[in-house]
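In what follows, a single structure is set out as C-alpha cells and then discussed.
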Amino acid sequence: MPPPAPYPIIVGITGHRDIAPEQLDAVRAALRAVLTGLYAQFGDALHLMTALADGADQLAADVSEELISPDGKNVSLKIIAVSPMPFAIYCEKITDKTKFKHHWNRAALQLVLPDLSPSTAAGYDELQYEQLGVLIARRRHLLLALWDGQRSTT
C-alpha cells in the first residue's frame, strides 16, 4: 500500500493588482525566497490558494511555477485557483487573460464561488470579493500579502 499523501499546507495569496514596476524584481525575489524556504520545509505538500488576479496573485503563480528547490531541482507548486464569481464574469475582469487561463488550467483544484446576489446588483463585486477574502482567510495556513512597493501618503 502506498504511503498516504501529505496533508496539504495552504499558503493564501493576497496583494495589490498594481505592483510598482520598479519594485517588481524585489517583490519577485522576496517571494521566491519565502516560497523556497516553505518548500524546503513542507515539500510537495505546499499549495498556493489564489484568485489569480492581475498583479500579486499572478506574480505568485508565476514564481510558484518556476521555483527551484534547495537541492537544485525544478519545482512547480500546486495551485488552488479560486474564482470569486462565475468564471466567465471573473475572466472579463482580468487584464492578462492568457496568463490567468494558463495558471487556472494548471491548478490542482479549481473553485468557483457562488453568486451571493445578481451580478447586476449594486455592490456585486465587493460582495463576491469579500466572500473570496473570507474563504482564503479561513482555509489557509499561512497568508502572504504582497505590497505594491509604494509608500503611503497618509
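Highest first, please rank the peptides 100-111, 117-128 by the mean number of other Cβ atoms sitting within 10 Å of their residues. Walk me through the numbers before you get to the answer.
Numbers: 100-111: 15.8, 117-128: 11.8.
Those peptides, ordered most packed to least, come out 100-111, 117-128.
State in Å² the accessible area per residue of segment 84-154; use a 1.4 Å probe, count heavy atoms of protein chains only, and round to the nearest integer. Walk me through the numbers on the way to the answer.
Values: 4720 Å² over 71 residues.
On a per-residue basis, segment 84-154 sits at 67 Å².
Could you give the size of the charge dipole of segment 30-154 about its Cα centre, using +1 on the Cβ of each K and R and -1 on the Cβ of each D and E, expressed in debye and rounded to the nearest 20? Let's see the in-between values first.
Working: 12 positive and 14 negative charges, 55 e Å.
Charge dipole of segment 30-154: 260 debye, to the nearest 20.
At a 1.4 Å probe radius, carbon and sulfur cover how many percent of the accessible area of the chain? Before the final figure, lay out each step's value.
Numbers: 4920 of 8660 Å².
Here carbon and sulfur together make up 57 percent of the probe-accessible area.
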Problem - Other-chain or far-sequence residues with amide H under 5 Å of Leu52's (modelled H) - result: Val82
Exercise for the section: Send over the Kirkwood Rh of segment 59-135, from the inverse of the averaged 1/r over different Cα pairs, rounded to one decimal Å. Expected result: 13.9
Handout entry: Reciprocal of mean inverse Cα separation for the chain (Kirkwood radius, Å)
Key = 16.3
Exercise for the section: Out of all DSSP beta bridges with both ends in the chain, state the antiparallel percent to the nearest 5. Expected result: 10
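The values are calculated or read from the model by the stated rules, or taken from the named source; none is laboratory data. Just so it is clear, the structure is predicted and the values come from calculations on it, not from any experiment. Methodologically, a virtual Cβ is constructed for each residue, glycine included, from the backbone with ideal geometry; neighbour enumeration extends over all protein chains shown. Accessible surface areas use protein heavy atoms only, side chains included; no ligands, DNA or RNA. Shrake-Rupley method; radii C 1.70, N 1.55, O 1.52, S 1.80 Å.
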